Amino acid sequence: MKNWRSILVNENTTLLETMKIIDDSSMQFAAVIDEVNILLGTVTDGDIRRGILRGEGLDVTIKQVMNPSPIIASIKNTYSDCLNLIKKHKLKQLPIVDMDNRIVDIIFADEDPTIKNNENTVILMAGGLGTRLRPLTENIPKPMLQVGSKPILETIIDGFKQYGFTNFIISVNYKKEIIQDYFQDGSAFGVSISYIEEGKRMGTAGALSLLKEKPTSPIFVMNGDLLTQVNFEQLLYFHEDTDAVATMCVREYEYQIPYGVIETEGQQLVSIKEKPMHRSFVNAGIYVLSSEVFEFIPQDKFYDMPDLFKQLMDKQKNVSAFPVREYWLDIGRMADFERADDEYSSYFNKVDCK
């Protein structure tokens, strides 16, 4: 049984403090209470990420991002009633309250053997040439470069396996035999691996048209040159919770303009901002796609993932952005590769999923 009392937070707890409680508990959830344990709301990892997207600071109280009207059950409900609520609303957890709305228990979906998660396929894009990392990639594909103690691609697979995702398809092209010889069918790594072989460069979305069977459950798609500590279970839940057809992971990127920026009204100078800092969200190269998006992917053509998302938005489909707040590094240049090698032991040595 989980210690649900460890995830009770006061309404004045900051967003940053609540994030730490959620991450440390592994329950991905917190219940917000007042001084006499009356339930005021709930906070999921998704609620926090949506707050970050809105620009909420880490020092705001959790009351600013909590859900004040969560689905709850009463102590009068039977356990079977509670399980039916969890299944009906696809909940990960369900607070139980007494007649005064005081929290008395929390039921977690993963504690019940009758509630099962679907297996979701992970597609890793590993067919690029890695030209910016030459000469390192002259004889080996970039995803097979060793960072820390193992190839980049193996660290990515370990990351998914940590959250129970074991069904992989790797899209290969450049020096594909090195990847295939190393991983084979994945059994030596405790996973299942098959391959898409690109006869030509297809792009991150175009390669999906080569799948022999179209998936019926949401799939992950990820570039094979990333190192990250993203919680993929949270990502999938966010995708489903937002009822999105496609979800793009995004990363906050800061850049400074090295000049004084001038604002004017007509010919009148009204302000000078010296070397201002700008913040934007950028594509992080990790996606979740529902089955219906496959009808928008052209057959046997180069088609990148941003093109797919633009098309979905043009068609007014529901697409979501999932802000990555965990460690993330795109190994695109030599400086990134050197940084990844330096930082690897701090983030990944403690995870060994073999």
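The values are calculated or read from the model by the stated rules, or taken from the named source; none is laboratory data. Keep in mind it's a predicted model, so treat the numbers as computed, not measured. We place every Cβ from the backbone using ideal geometry, glycine too, and count neighbours over all the protein chains shown.
In segment 128-147, the residues that are under 24 Å from ILE196 (Cα atoms) and surrounded by 14 or more Cβ atoms within 10 Å (Cβ to Cβ) form Cβ pairs under 9 Å with partners that are modelled with pLDDT of 85 or more and of a type in the set (Ser, Thr, Tyr), at six or more places apart or across chains, as follows: MET144/TYR182.
Restricting VAL245, VAL250, VAL172, VAL230 to residues that are touching a Leu at 6+ places or on another chain (Cβ under 7 Å) and under 26 Å from PHE309 (Cα atoms) narrows the list to VAL245. Number of residues in segment 65-86 that are surrounded by 13 or more Cβ atoms within 10 Å (Cβ to Cβ) and in contact (Cβ under 8 Å) with a residue 12 or more places away in the chain equals 13.
I'd like the full set of residues that are in a strand (DSSP E or B) and hydroxyl-bearing (Ser, Thr, Tyr), limited to segment 198-234.
THR228
Inspect segment 4-15 for any residue being of a type in the set (Gly, Ala, Ser) and closer than 18 Å to GLN234 by Cα and give the result as yes or no. No, segment 4-15 contains no residue that is of a type in the set (Gly, Ala, Ser) and closer than 18 Å to GLN234 by Cα. Given the residues ASN37, ASN12, which is the only one that is outside the structural domain of LEU235 (by TED's automatic domain parsing) and touching a Lys or Arg at 6+ places or on another chain (Cβ under 6 Å)? Criteria check complete, one pass: ASN37. Note on segment 238-249: among residues that are β-branched (Val, Ile, Thr) and surrounded by fewer than 22 Cβ atoms within 10 Å (Cβ to Cβ), the one that is modelled with the highest pLDDT is VAL245. When segment 264-281 is limited to residues that are closer than 29 Å to GLU56 by Cα and of a type in the set (A, V, I, L, M), the one that is surrounded by the most Cβ atoms within 10 Å (Cβ to Cβ) turns out to be ILE272. Sub-7 Å Cβ pairs linking a first residue in segment 314-341 that is assigned by TED's automatic domain parsing to the domain that holds ASP243 and basic (Lys, Arg) to a second residue that is crowded, with 16+ Cβ neighbours inside 10 Å and not in a helix (DSSP H, G or I), at least 6 apart or interchain, are LYS317/VAL245; ARG339/LEU329, ordered by first then second residue. Out of ILE48, ILE7, which single residue is more than 30 Å from VAL282 (Cα to Cα) and crowded, with 20+ Cβ neighbours inside 10 Å? That would be ILE7, the only listed residue that is more than 30 Å from VAL282 (Cα to Cα) and crowded, with 20+ Cβ neighbours inside 10 Å. Can you tell me which residue is farthest from TYR347 (Cα to Cα) among those in segment 144-182 that are under 24 Å from the mean Cα position of the chain (by Cα) and of a type in the set (Phe, Trp, Tyr)? Across segment 144-182, the extreme among qualifying residues is PHE168.
Got a sec? Which of ILE170, ILE179 is among the aliphatic types (A, V, I, L, M), touching a residue at least 40 places away in the same chain (Cβ under 8 Å), part of a helix (DSSP H, G or I) and out of contact with any Asp or Glu (no Cβ under 7 Å at 6 or more places or on another chain)? Result of the check over ILE170, ILE179: ILE179.
Kindly establish whether MET27 is of a type in the set (A, V, I, L, M, F, W, C), touching a residue at least 60 places away in the same chain (Cβ under 8 Å), touching a helix residue (DSSP H, G or I) at 6+ places or on another chain (Cβ under 7 Å) and within 25 Å of TYR253 (Cα to Cα). Answer is no for this residue.
Conditions (1) in contact (Cβ under 8 Å) with a residue 60 or more places away in the chain; (2) crowded, with 19+ Cβ neighbours inside 10 Å; (3) under 20 Å from the mean Cα position of the chain (by Cα), marked per residue:
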site: GLY206; (1), (2), (3): yes, yes, no
site: SER217; (1), (2), (3): yes, no, yes
site: VAL230; (1), (2), (3): yes, yes, yes
site: LEU236; (1), (2), (3): yes, yes, yes
